[in-house]
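Visitor: Would you mind keeping the following structure in view while I ask a few things?
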Amino acid sequence: MKFLIDAQLPRQMVGWFNAIGCDAIHTLDLPRRNRTPDEELVAIANRDQRVLATKDSDFVDSHLLFGRPAKLLLVSTGNISNQELEQLAATQLPVIVTDFQTHTFLELSRTGITIRG
């Protein structure tokens with residue numbers, strides 16, 4: 001499974017996903033880096049069949065109204081340290097990968113995964 005990690009999430013997430021066999025990139029890996037416009041992120045995610053992982057709720061509206069991006073992971077943990085996020089990810093990333101085989105919208109909170117669509 002492929003992921004595109006948005007600017008508000010730590011670049012270290014790429015390594016967490018790659019460690020479990022996924023193909024992940026961060027906005028910092030793109031030509032315009034963290035200045036890549038949202039529309040372009042959606043286009044890249046859809047073109048490359050990547051799940052867009054973000055904290056930005058604007059993508060929720062776009063996904064629900066227009067199906068863009070095709071697959072969305074909303075990280076709604078609030079303020080959380082990278083270490084806490086990594087600990088949460090260690091238990092939830094395999095679940096995320098499995099759930100995206102049949103769902104298009106997941107939310108990761110401090111309590112776990114919620115299937116939204």
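The values are calculated or read from the model by the stated rules, or taken from the named source; none is laboratory data. For clarity, every value in this text was computed on a predicted model and none was experimentally measured. Ideal geometry is used to build each Cβ from the backbone, glycine not excepted, and the neighbour counts take in all protein chains shown.
Visitor: Please list, ordered by first then second residue, the pairs with beta carbon atoms under 9 Å, 6 or more apart or interchain, first in the range 20-33 and under 19 Å from GLN8 (Cβ atoms), second of a type in the set (Ser, Thr, Tyr).
Guide: From residues that are under 19 Å from GLN8 (Cβ atoms), the pairs are THR27/THR36; LEU30/THR36; ARG33/THR27.
Visitor: Please go through the range 34-49 and give me each residue that is touching a residue at least 40 places away in the same chain (Cβ under 8 Å) and not in a loop (DSSP other than H, G, I, E, B), ordered by number.
Guide: Once the filter is applied, which keeps residues that are touching a residue at least 40 places away in the same chain (Cβ under 8 Å) and not in a loop (DSSP other than H, G, I, E, B), the range 34-49 yields ILE44, ALA45.
Visitor: If you go through the range 1-33, how many residues are touching a Ser or Thr at 6+ places or on another chain (Cβ under 8 Å), polar (S, T, N, Q) and in a helix (DSSP H, G or I)? It would help to see each step written out before you state the result.
Guide: From the range 1-33, those touching a Ser or Thr at 6+ places or on another chain (Cβ under 8 Å) are 4-9, 27, 30, 33; that's our starting set.
When the remaining residues are screened for being polar (S, T, N, Q), the result is 8, 27.
Now restrict to residues that are in a helix (DSSP H, G or I): 27.
Residues that pass the stated criteria total 1.
Visitor: Additional query: What do you reckon, is VAL42 under 18 Å from LEU93 (Cα atoms), crowded, with 17+ Cβ neighbours inside 10 Å and at pLDDT 95 or above?
Guide: Considered against the rule, which asks whether it is under 18 Å from LEU93 (Cα atoms), crowded, with 17+ Cβ neighbours inside 10 Å and at pLDDT 95 or above, VAL42 comes out as no.
Visitor: Hey, any hits in the range 69-77 for a residue that's touching a residue at least 12 places away in the same chain (Cβ under 8 Å), farther than 16 Å from GLN8 by Cβ and of a type in the set (S, T, N, Q)?
Guide: No: the range 69-77 contains no residue that is touching a residue at least 12 places away in the same chain (Cβ under 8 Å), farther than 16 Å from GLN8 by Cβ and of a type in the set (S, T, N, Q).
Visitor: Go over the candidates LEU106, LEU88, LEU52, LEU65 one by one and state the one that is assigned to a strand (DSSP E or B), of a type outside the set (Asp, Glu) and farther than 14 Å from ASP6 by Cβ.
Guide: The match here is LEU106.
Visitor: If you go through the range 60-76 one residue at a time, how many are surrounded by 15 or more Cβ atoms within 10 Å (Cβ to Cβ) and either out of contact with any Asp or Glu (no Cβ under 7 Å at 6 or more places or on another chain) or within 16 Å of ALA24 (Cβ to Cβ) (or both)?
Guide: So the count comes out to 10.
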